[in-house]
Amino acid sequence: MKKRNQVFASIVTIILIGIGAFFVTDDEQTKGPSEDTKRTAVELERVVDGDTIIMREEGERKRMRLLLVDTPESNTQKTGKAQPFGKEAKEFLTEYLKGKKLSIVYDPNHDAVDQYNRVLAYLYADDELVEEVLVREGLARVGYFNGKELYYDIIHQAEKDAKADRKNIWSIKDYVEKKGFNEVKQESYTSY
């Protein structure tokens, strides 16, 4: 009888450990950074370029720089002329955000405001991370990171995929560099 109780107790223990492991594993697989962070609803006022918007957060008008991404310049103020795929990045972002519910997430591992007093945060359109979408489309590169950010791995993987597929900015040989974009001639857009 004592041996039967020990066997029964062992079986029950194994079952309980198995059930506990299932729930822990299930939570770890479905839990993403966005579930650990607070999203704040925002309203889009306008798109400035492929990586910058004017928004309203809790009624306050703010300029926001999308965190961890850099797109080519779409206007002439900084570079004297629009860079290749700069206008396309701005147009894509403008169309992509239309009619969607927008929210932002601040990253505890990154500054919330930059030297130009721009908000630095992740942008969600409905439930999609906009930075990942821009990078996956080959309209942005990963930039301005320390490697500890919440979404660094996701966005970096999107960049690897876009680069492998030679999408947009990656279709121009030696165009993308670590700190921005090289000047290229119009006729070299497809010379990879």
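The values are calculated or read from the model by the stated rules, or taken from the named source; none is laboratory data. Everything quoted here is computed from the prediction, not taken from an experiment. Backbone-built Cβ (ideal geometry, glycine too); neighbour counts: all protein chains shown. These area figures cover heavy atoms from the full protein model, side chains too; ligands, DNA and RNA do not enter into them. Shrake-Rupley method; radii C 1.70, N 1.55, O 1.52, S 1.80 Å.
Measuring between alpha carbons in the structure, the pairs from 98/167; 38/178; 81/101 lying more than 28 angstrom apart are 38/178; 81/101. Annotation for region 82-136: chymotrypsin sites (Phe, Trp or Tyr not before Pro) lying in DSSP loop with at most 13 further Cβ atoms inside 10 Å of their Cβ are 116. For a modelled paramagnetic label at residue 116, 7 Å from Cα along Cα-to-Cβ, the residues of region 63-85 in reach, with backbone nitrogen under 16 Å, are 63-83.
Label sites at residue 97 and residue 146, each approximated as a point 7 angstrom past Cα along Cα to Cβ, lie 2.6 nm apart.
Legend: calculated FRET efficiency, residue 38 to residue 164, from the Cβ-Cβ distance at R0 = 30 Å, rounded to 0.05, equals 0.30. Each label was represented as a point 7 Å from its Cα along the Cα-to-Cβ direction; for residue 179 and residue 76 these points are 2.6 nm apart.
Computed over protein heavy atoms with a 1.4 Å probe, the accessible surface of region 80-133 works out to 52 Å² per residue.
Residue 74 contributes about 20 Å² of solvent-accessible surface, heavy atoms of the protein only, 1.4 Å probe.
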